[in-house]
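First the structure, in the form of structure tokens, and then the observations on it.
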Amino acid sequence: IIQDFVETELSSVTIDTLEDEQSAQHRALSWMRNDSKLMKYSSDRLTQRFALATFYFETGGPTRWSRADYWLSEMHECNWFMKQPDGEANCINGTLHHLIMDRNRLGGSIPEELSLLKKLKGLNLGLNSLVGTIPGNVLSGMSQLSRLALYGNMISGTLPTEVGSLKSLEQLEVFTNGLEGVLPSEIGLLTNVRTIYAIQNFFSGQIPSEIGLLGNLESIWLSQNLLSGTIPTEIGNAVSLEELKVTDNMQHGTVPTEIGALITLREFEVQRNALTGKIPSEFGKLTHMKTLNVGNNTISGTIPQKLSEARNLTFLSLYANELTGSIPTEFGYLANMQKLYLDQNILSGTLPSELGLLTNLSEFWAENNKFWGTVPSEMCTMQRVPRMELDCVKINCSCID
């Protein structure tokens, strides 16, 4: 039965590894041969047990894992220790649907044999010490996968183009690893994806324009990488987008006006890049926007008055750019504003008295500009006077001293 299983179910790559007695695959098959219930298992059960046993040996189950309750016992593999998904079972009718082993001190690499788990919907191996690369055939073999979570490991190499074969994928979480290379354009095939979290890696090159094809995408985090090029205008077609974070990269060019079409957008963060051009007045259309951070770029021009129409803004950071002109008096309409950072620009004029209408304001930084005059009395008599960082040599700050 073992020979038939090897010949009919295993790939040539796996069969080659069986020759090495130290390999995880050889050790898994040896364990199966000693199973007293072997003859009772269906082909699907044999495949499932072999895939999990290989995973166990490859990732250090015998020596590393925090918990390995019942693994490699004669109990049904669905009863081996695995964390439970919210509101679902790990197995349905004896078939594994979720393999959740985050925070379990896994080491080694991801074995290709996980591709044998073809009904898998959730794979969470986050916050472990996995190394090596993401095997492309693991992704291409998991057509029903809805969540792939490999965050917080030491995985290297590229994000395989086979990621595009995950047609059911809703959550892609590969942040805080050592991944590099370009983000594959095949990401645009993930039409069901809602979240892409890829911060804190070494991805380089352009953000793929195919992002605009993802009509269900709600959050994309690409911060703290080495991404260059421009923010693609096609991103304005991702109509469900709520969070777009591309901080701490090497993005250049202008902020696309097409972002003004993302009416569900709540957070837009692109600070610490090399962006130029102007702040699009179209941002005023983003009535759900709460966080807008374009700080520490080379953006010029004036602050658009239309920005005051984004009435749900609570956090606005325009610091360390080359903005000129004055603070729009219309900012007094931003009643939800809590933190306003305008420091390190070339702004001038007086501070508008309308800022005193921002009763929720807790921090207002405007130092290192060219303001003059006096801090408006309306700001000094607020029920809760915000913390202010101002050039009090150029501005009369007596009412807040």
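General remarks:
- In region 387-401, the residues that are open to solvent by less than 70 Å² (accessible area, probe 1.4 Å) reach residues that are of a type in the set (Lys, Arg) with C-beta atoms within less than 9 angstrom, at least six apart or across chains, in these pairs: ASP391/LYS370.
- Of the residues THR264, THR298, THR287, the single one that is in a loop (DSSP other than H, G, I, E, B), more than 24 Å from ASN249 (Cβ to Cβ) and of a type in the set (Ser, Thr, Tyr) is THR287.
- Residues being under 14 Å from the mean Cα position of the chain (by Cα) and either among the hydroxyl-bearing types (Ser, Thr, Tyr) or at pLDDT below 95 (or both) - total across region 224-254: 1
- Scanning region 267-284 for residues that are part of a loop (DSSP other than H, G, I, E, B) and either aromatic (Phe, Trp, Tyr) or under 23 Å from the mean Cα position of the chain (by Cα) (or both) gives VAL270, GLN271, ARG272, ASN273, ALA274, LEU275.
- Residues in region 313-360 that are in contact (Cβ under 8 Å) with a residue 40 or more places away in the chain and in contact with a helix residue (DSSP H, G or I) (Cβ under 9 Å, 6 or more places away or on another chain): 1 in all.
- Qualifying residue in region 40-49 (condition: over 23 Å from LEU106 (Cα atoms) and surrounded by fewer than 12 Cβ atoms within 10 Å (Cβ to Cβ)): yes
- The set of residues from region 156-194 being more than 15 Å from the chain's Cα centre (by Cα) and closer than 21 Å to PRO85 by Cα comprises LEU166, LYS167, SER168, ASN192.
- Any hit, region 176-199, residues being aromatic (Phe, Trp, Tyr), under 28 Å from THR63 (Cα atoms) and either buried (at least 22 other Cβ atoms within 10 Å of the Cβ) or out of contact with any Gly (no Cβ under 6 Å at 6 or more places or on another chain) (or both): no
- Checking SER308, SER281 one by one, the residue that is among the hydroxyl-bearing types (Ser, Thr, Tyr), in contact with a helix residue (DSSP H, G or I) (Cβ under 7 Å, 6 or more places away or on another chain) and surrounded by 18 or more Cβ atoms within 10 Å (Cβ to Cβ) is SER308 and no other.
- Residue count, region 210-227 (criterion: open to solvent by 40 Å² or more (accessible area, probe 1.4 Å) and either assigned to a loop (DSSP other than H, G, I, E, B) or under 15 Å from ALA198 (Cβ atoms) (or both)): 6
- Tallying residues that are part of a loop (DSSP other than H, G, I, E, B), open to solvent by 10 Å² or more (accessible area, probe 1.4 Å) and closer than 19 Å to GLY295 by Cβ within region 332-342 yields 1.
- Test: residue in region 360-378 that is under 17 Å from LYS278 (Cβ atoms), of a type in the set (Val, Ile, Thr) and open to solvent by 70 Å² or more (accessible area, probe 1.4 Å): no
For (1) in a loop (DSSP other than H, G, I, E, B); (2) not small (Gly, Ala, Ser), each residue gets a yes or a no:
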| position | (1), (2) |
| --- | --- |
| SER308 | no, no |
| ALA320 | yes, no |
| GLU330 | no, yes |
| LEU355 | no, yes |
| LEU361 | yes, yes |
| VAL385 | yes, yes |
| CYS392 | yes, yes |
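The values are calculated or read from the model by the stated rules, or taken from the named source; none is laboratory data. Keep in mind that this is a model prediction, so the values were computed, not measured. Counting neighbours? That spans all protein chains shown, and the Cβs are built from the backbone with ideal geometry, glycine included. All accessible areas refer to the heavy atoms of the entire protein, side chains included, with ligands and DNA or RNA removed. Shrake-Rupley method; radii C 1.70, N 1.55, O 1.52, S 1.80 Å.
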